[in-house]
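For reference, the structure is listed below as structure tokens.
The values are calculated or read from the model by the stated rules, or taken from the named source; none is laboratory data. Worth saying up front: this structure is predicted, and the values here are computed from it rather than measured. Heads up, the Cβs are rebuilt from the backbone with ideal geometry, glycines too, and the neighbour counts pull from every protein chain shown. All accessible areas refer to the heavy atoms of the entire protein, side chains included, with ligands and DNA or RNA removed. Shrake-Rupley method; radii C 1.70, N 1.55, O 1.52, S 1.80 Å.
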Amino acid sequence: MSSALSVVLITKNAAQQIAACLESCRFADEIVVVDSGSSDDTIAIAKSYNAKVIHQDWLGFGPQKQFAVQQARHDWVLCLDADEWLSARLSSEIKDLPDNPQAAAYRFPRSNKFMGRFLRHGEGYPDLSLRLFDRRRARWSDHAVHEYVIADGPVENLKGDLMHESGEDIALYLTKQNRYTDLQAQALFERGKRVGWPKLVFSPLLRFFKFYLLRQGFRDGVPGLVHISIGCFNSYIKYAKLIELHRLENTQ
């Protein structure tokens, strides 16, 4: 884009993925990597791309990403994860954006790779992600998980895909989902949210109906079925953990 652009990433032990990410955004005027304690070659690889590397102990997803944004030299920032990379079309769209754009932020579809296949339907796509913004008019939320960008101004869409290739097998994916549901349940608990058996039963069913049937997740074959099955289980287990937290509170 005509305006100076900083690409910002948060990392920890991302040596296997970060090179593809950084290669796809070489056009940026600056790359900032905020690392929370990598013990692999993440930092060395980042520096080989002339990235500015800053250490910051883990603050939670939202606060960590906002900290990274604040370290950038330029006001327009593109926030990526180390396991994401820009498709050729998205890269071209970003480079072709006008100077002083009217939008405060831009979002674009994210294509998630799961079980060796980039999902194109259901819950895995288009997974619109707001990642490019003017930090004077937008910021990351403070959520420890499922963070999002809050924009104070118009948001426009780009058409190119952000590619997400975590390289995780199902076991690692489930480990991450277990941690996410812990954080989600804790956040709901702290807000005083309570649920009963109807939420446990119907939340997964509605999720399956919406993403597998209405949004045609079945078109992604077995990976699409496994992906939505785990998503539905996450809905169930998140609320089960919330119920457990309230019961533990009552026994103290």
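Quick notes
- The single residue among R89, R136 that is open to solvent by 40 Å² or more (accessible area, probe 1.4 Å) and either part of a loop (DSSP other than H, G, I, E, B) or closer than 28 Å to Q71 by Cβ (or both) turns out to be R136.
- Residue within segment 68-75 that is touching a strand residue (DSSP E or B) at 6+ places or on another chain (Cβ under 7 Å), surrounded by fewer than 21 Cβ atoms within 10 Å (Cβ to Cβ) and more than 14 Å from L132 (Cα to Cα) present: yes
- Of the residues making up segment 154-172, one or more are assigned to a helix (DSSP H, G or I) and without any contact (Cβ under 8 Å) to a residue 40 or more places away in the chain.
- Taking the numbered list (1) touching a strand residue (DSSP E or B) at 6+ places or on another chain (Cβ under 6 Å); (2) over 25 Å from F118 (Cβ atoms); (3) of a type outside the set (S, T, N, Q) in turn, P223 passes all entries but (2).
- Of all the listed residues (N13, N50), the sole one being open to solvent by 40 Å² or more (accessible area, probe 1.4 Å), among the polar types (S, T, N, Q), within 26 Å of V145 (Cβ to Cβ) and in a loop (DSSP other than H, G, I, E, B) is N13.
- Restricting attention to segment 92-123, the residues that are among the charged types (D, E, K, R), part of a strand (DSSP E or B) and over 19 Å from V8 (Cα atoms) add up to 2.
- Residue pairs whose Cβ atoms lie under 8 Å apart, sitting 6 or more positions apart in sequence or on different chains, and linking a residue in segment 211-236 that is of a type in the set (D, E, K, R) to a partner that is open to solvent by 20 Å² or more (accessible area, probe 1.4 Å) and assigned to a helix (DSSP H, G or I), are R215/E123; D220/H227.
- Set side by side, the residues G160, G153 differ, and just one is within 18 Å of Y125 (Cα to Cα), open to solvent by less than 70 Å² (accessible area, probe 1.4 Å) and in the same structural domain as R110 (by the TED database), which is G160.
- With respect to (1) under 21 Å from A240 (Cα atoms); (2) hydrophobic (A, V, I, L, M, F, W, C); (3) surrounded by 13 or more Cβ atoms within 10 Å (Cβ to Cβ), the lone exception for L205 is condition (3).
- Comparison of G224, G192 shows that the only residue that is under 21 Å from the mean Cα position of the chain (by Cα) and outside the structural domain of W85 (by the TED database) is G224.
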